[in-house]
Structure formats: C-alpha cells, structure tokens
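The values are calculated or read from the model by the stated rules, or taken from the named source; none is laboratory data. Since the structure is predicted, the reported quantities are computational estimates derived from the model, not experimental observations. Methodologically, a virtual Cβ is constructed for each residue, glycine included, from the backbone with ideal geometry; neighbour enumeration extends over all protein chains shown. Heavy atoms of the whole protein, side chains included, go into the accessibility calculation; ligands, DNA and RNA do not. Shrake-Rupley method; radii C 1.70, N 1.55, O 1.52, S 1.80 Å.
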Amino acid sequence: MANLVTEARREGNPFLFVLATIAAIGGFLFGYDTGVISGALLFIKGDLHASSFEQEAIVGALLVGAVVGAIVSGWLANKIGRRPTKIISGCIYAIAALVCAFSQSTGELIAARFVLGYSVGTASFVSPMYIAELAPKRMRGGLVSFNQLMIVTGILAAYIVDFAFKGVSNNWRWMLGLGAIPGVMLAVGMFMMPESPRWLVDHGREDEARESLRRSHGEEGIDEEIDEIKQVSGNRRSIVDLFGGAVRPMMVVGLGLAIFQQLVGINTVIYYAPTILSFAGKSTSGAIGQTVFIGLTNLIATIVAVLLLDKFGRRVFLLVGTVGLTVALVLLGLFFHSTSIQNNYSWLALGALILYIASFAIGLGPVFWLMISEIFPLDVREPAMAACTVANWGFNFLVSFTFLSLASGIGKPATFWMYAVIGVIAFAFFAVKVPETRGKSLEQIEHELTEERASRSSGETRTA
C-alpha cells in the first residue's frame, strides 16, 4: 500500500490511490463473504438445525450466484458501464447481507446468499478490470494486485469479526449483517469515481473519456491513450473466438489456472477452516480464534507475493507455492489418518493449514488473477477473463459443495490426499504449459504460446 501511495505522489495525482482503494472494495466484499461464513456456519448449523447438506447449500448458494454474476456482469459492464455496474453490485451486496442476517430458516438464508453471490461474482470480474482500465500503464500491475490484497484483507477482517462476535447473542447474524457496511461504502464511493475511459470511447463519448483520463492520469499522454483505446475498440472479438486460432493456447492456460486454483481445495480451507480445526478436537471458540492466524498468514504472504512477483517472476512463485500446498495436504491427511499423531502432535492441523494458506497466497492466489489479465490480448480480454472467472467460480462451487460429503463418505484422510494428488497434476500442468510473463508484452506472450502450439502440432504430424 505504501508503494502505491508513493507512486501516486510521484505521478502528482493522489486521486489514483483513492480510486484504487474505492474500486478495490469490490475485492474486499469478495474476501469478506468468502471468510465470514467459515465462523458463522458453526453457529448457523445449531441455530437453524442445518444438516451437512444444508450447510453445503448455504456455502454453495453464494457460489452459484457468483457464477451467474460473473456471466451477467460482462454484458452489464459493457451495456451500462463499469461504474454503474459496481454501484449496483454494492447496493445488492448491502441489501442481501441484511436479509441474510434476518433469515429465519435455512431456505431463506440459502436464497439470500444466492443473491449475495451475484454481487460477489460481479465484483470479482469488474473490480480488477475497472482498475486496470483507469490506471496508468506504469502502475497498472501494482494497482491490479492491490485488488488481490484487498480480497485477503477482507478474509482476515471476516475472521476477526467471527472471533469478536463468537460469544455474542445472535452472533452469526451480526457476522453476516456487518457485510452491509462495505457494500454501502462501495456503492457510495463509486458515485464519486469516473467511468472507464475505454467504455466511454467504445460508446462514442470521447470528451468524457478525456476528462476521466485527466482525473486518473493527469494531463500527460491523454491523446496517445485515447488513440490506443480506439485501436483496440475497433478490433474486438467475441466469446466465440476464444477457442480458435492463436487465442486457444492462452485459453488453455487461463482455464487451467482457474480450475486448478479451486481443485486443490483452497475454499475448503477458507470456508471450513474452523470446521476442520473442530474435526481436530478444537472447541468452537478455539477453532475460530486459530482461524485468525490463518487469515493473518494469508495477508502477510500475499503482501510478500505482490512485492516480489515483478522481481522474481510468476512461475517460480506458482511452482513453489503449489509444492508447498501439496505437502500441506499430505500432512492434513496423515493427521486425520493417525490417532497417535492427533494425540501427540495436536498442533499439526493448524501448522498444515498455515503452510497451505501461505503457499497458496504466494502462488495460485495472486498469480491466477494477475496472469489472466496478462496473457490475453486487449481485443479479447473481456470475454476471456469472463470465461476464466466463470470457470473459477463454477469449480469453487463444486469443491465447496462436496467437501463435507466427501469427508463423511470417503473419510477426511482420503479427501485431503485426493486434493494432494490434484496438486501434483497441477504442478505438472504449470511446469509444462504456463509461460513466464514478467517483463513481456502481450504480443510476446501471445507469440510464444502460439509458436509452442504450432511446434507441438508439427511434431505430432511428423510422428503420425
């Protein structure tokens, strides 16, 4: 954050930091709701007598809504603009959070969380895109990564809220209802923000686009920026073009990152961390308290990644992080497999969860969102990012909705070892398919991926 403030001052435009902060509240909403349900669920299941299936539905409803939100937000952001879409998202989030807090049955809560998910899915797509389109080129990487930092800040804030309200009457209602505050902050804050200059140019409002750029960039380079936007806006491709020609190798990489990010089980940790710790014998209060350490680890590791990704590259963090989380999953499986380990090394469950979240936070967490904003050319970025976001939320739902059933059906050790096997497969995919994008232009990345695909096709032809 300090680096962003310094850069904004160097640009002579502190408004950049204000813009990024307000826009990234969308990321905070994403993180808060992802984290808050983990503690609230321990009390909801008793208060509303929720079965394991209903608990999974309470978590999963948000994810289904997020898939819908990610699909609709691409069209909505293009139709009415990025700014109004974010205002609507904030309003929906605030209202849905309050409805969640006042729900009297699991059915009502599931329905409210579906609507809440629509807002979360919209925020996960529009927030990084809006920041990228308003940030100066030399600051774009840091400002987009700031959105990821706000996501993990939201998760940590949710864990702290869960801990603070665990002993209060109607605790889970307070936990869910407080989400209305950042929702209102996003909606009100976006009223003061400019529209994306790219959207304005696309809709023939060039004078307003220039004013938007003056607020975010200052006076320098506005004509050049407008010319670049015009070139891109005149050469857009649709979602139909994503799986043909030169774009296909990039979609393989983007979808692979999106899917593996979820299949390694990250949201079993985010959504069910207190539940996992309660499996390990912790009291409800102790489990929620220890979850705060997991959230703090997530935040610190993400800050480290944001500071070092541009120095050491994306691949090294992606590969090292994947190895770390796979080891952690093996350890969790061993912990639940052996009663002796549980009795003599009770700290291992928390230690493995911390290793897991730290490894994810330096690797797949930030690298997925950063790379899908880098590997796609500008003329196809919107539909490509939308497709990857939908895939990410869809597999988020698949993993989160099945965790408790898997743990009950095949057992906790087998469940974590299954995620570990997927981690090994993910590592192999990343090592072979994912390019290093640090310091390269979009055209260089596109050329390298296209050449790799052509070379492999040529080799297969010769073999045949």
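This table checks each residue for (1) under 16 Å from the mean Cα position of the chain (by Cα); (2) modelled with pLDDT of 85 or more; (3) surrounded by fewer than 19 Cβ atoms within 10 Å (Cβ to Cβ); (4) hydrophobic (A, V, I, L, M, F, W, C).
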position	(1), (2), (3), (4)
Phe125	yes, no, no, yes
Tyr130	yes, no, no, no
Leu143	yes, no, no, yes
Gln148	yes, no, no, no
Gly154	yes, yes, no, no
Val161	no, yes, no, yes
Gly189	no, yes, no, no
- request: Give the residues of segment 261-314 that are modelled with pLDDT under 75 and outside any helix (DSSP H, G or I), sorted by residue number.
  value: Ala280, Gly281, Lys282, Ser283
- request: Could you please let me know if Gly107 is closer than 23 Å to Gly394 by Cα and either without any contact (Cβ under 8 Å) to a residue 12 or more places away in the chain or surrounded by fewer than 21 Cβ atoms within 10 Å (Cβ to Cβ) (or both)?
  value: yes
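Filter segment 324-345 down to the residues that are closer than 19 Å to Lys433 by Cβ and open to solvent by 70 Å² or more (accessible area, probe 1.4 Å) and list them by number. Write out each step before concluding.
Applying the first criterion (closer than 19 Å to Lys433 by Cβ) to segment 324-345 yields 325-326.
Residues satisfying the conditions do not exist here.
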field: Verdict on Phe293 being closer than 22 Å to Gly423 by Cβ, of a type in the set (Phe, Trp, Tyr) and more than 15 Å from the chain's Cα centre (by Cα)
entry: no
query: What number of residues within segment 337-365 are assigned to a helix (DSSP H, G or I) and within 29 Å of Ala431 (Cβ to Cβ)?
result: 16
- prompt: Which condition number does Ala384 fail, the rest of (1) out of contact with any Pro (no Cβ under 9 Å at 6 or more places or on another chain); (2) within 22 Å of Phe429 (Cβ to Cβ) being met?
  reply: (1)
- prompt: Can you tell which of Ser89, Ser73, Ser51 is of a type in the set (Ser, Thr, Tyr) and open to solvent by 10 Å² or more (accessible area, probe 1.4 Å)?
  reply: Ser51
Subset of segment 164-177 [crowded, with 19+ Cβ neighbours inside 10 Å and of a type in the set (Phe, Trp, Tyr)]: Phe165, Trp172
query: From the set of residues in segment 391-411 that are of a type outside the set (Gly, Ala, Ser) and within 17 Å of Ser38 (Cβ to Cβ), which is nearest to the chain's Cα centre (by Cα)?
result: Asn396
